[in-house]
Every structure is written in C-alpha cells, then in structure tokens.
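Shown next, in structure tokens, is the structure this report addresses.
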Amino acid sequence: MNLLLFCLWTWMLLVSMGCGSLGCWEEERNALLKIEAAFTPLTSWHDGDSDCCGWEGVNCDNTTSRVTELRAPPIWAAVESPPRVIDASFFLPLEELQVLDLSECFLSGESLSLSITAI
C-alpha cells in the first residue's frame, strides 16, 4: 500500500514538473515566442496569456500539454516585412509537433503552401 501511494505521489510530482501550472511547457512557450518574434516582431498573437495551449493556431495534447499543432495565425501574414529566414532550431523544443502549417506566411519572399504532418 505504501509503495502504491509513493508511486502515485511520484507520478503526480513528475507530471506537475513537466506540465507546470500554466498549461503548456515552459520550453515550448519560449520556443513559440521565438518563432512568433521571427514572424511578427511588433505584434503579439497571445495577448499576454501564459498558457500557449490556448493561443490561436496552437493545439496541445490533452494529456501531456505538449504542443502538437502549430498553424500560423493570420496576424503573422498581415505584417509586411522583408523575406523571412527562420532558424529551424526554434522548432526543436516542440518534440511532439505533428502539424506545422506556415501556408499563410511569406518565407523567402514568396507565399509557400507548407504543411508538414508527422507519420
């Protein structure tokens, strides 16, 4: 019985450390902020909401709170800027990302229809 309670307590501790009390994982939130800054340095699509799982264009796994989808919100395409170069390493913390849709963005000066879906 004590072993069961210890295992349950340990599991709850690990889950709370990984997911945090703010919804999404901190490293994923930071990665999304870097990605956002690369597209729209003067605007924000999250309005100060710290839970990135609730941000427009972001979907998370209901169990793990990990980001599984990122679809560029319209505000990213609305900002006129020179051709964008995005550092691909910004996406590395999004370990469970399955869908990346940047079709509304202008990369390398032309509109690309880019949708990557994990198998």
Test result for Glu80, at pLDDT 85 or above, farther than 14 Å from Gly23 by Cβ and of a type outside the set (Val, Ile, Thr): no
Out of curiosity, is Trp45 in contact with a Cys (Cβ under 7 Å, 6 or more places away or on another chain) and at pLDDT below 90? no
Looking at region 53-73 only, could you name the residues that are modelled with pLDDT of 90 or more and not in a loop (DSSP other than H, G, I, E, B)? Cys53, Val58, Asn59, Cys60, Val67, Thr68, Glu69, Leu70, Arg71
Condition (residue is modelled with pLDDT under 65, surrounded by 12 or more Cβ atoms within 10 Å (Cβ to Cβ) and assigned to a loop (DSSP other than H, G, I, E, B)) applied to region 20-41: is it met by at least one residue? yes
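For region 83-95, what are the residues that are assigned to a loop (DSSP other than H, G, I, E, B) and at pLDDT below 90?
Correct list: Pro83, Val85, Ile86, Asp87.
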For region 96-109, check the following and say yes or no: at least one residue is exposed (fewer than 15 other Cβ atoms within 10 Å of the Cβ), in a loop (DSSP other than H, G, I, E, B) and modelled with pLDDT under 65. yes
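The values are calculated or read from the model by the stated rules, or taken from the named source; none is laboratory data. Bear in mind the structure is a predicted one, so any value in this text is a computation, not a measurement. Virtual Cβ from ideal backbone geometry, glycine too; neighbours counted across all protein chains shown.
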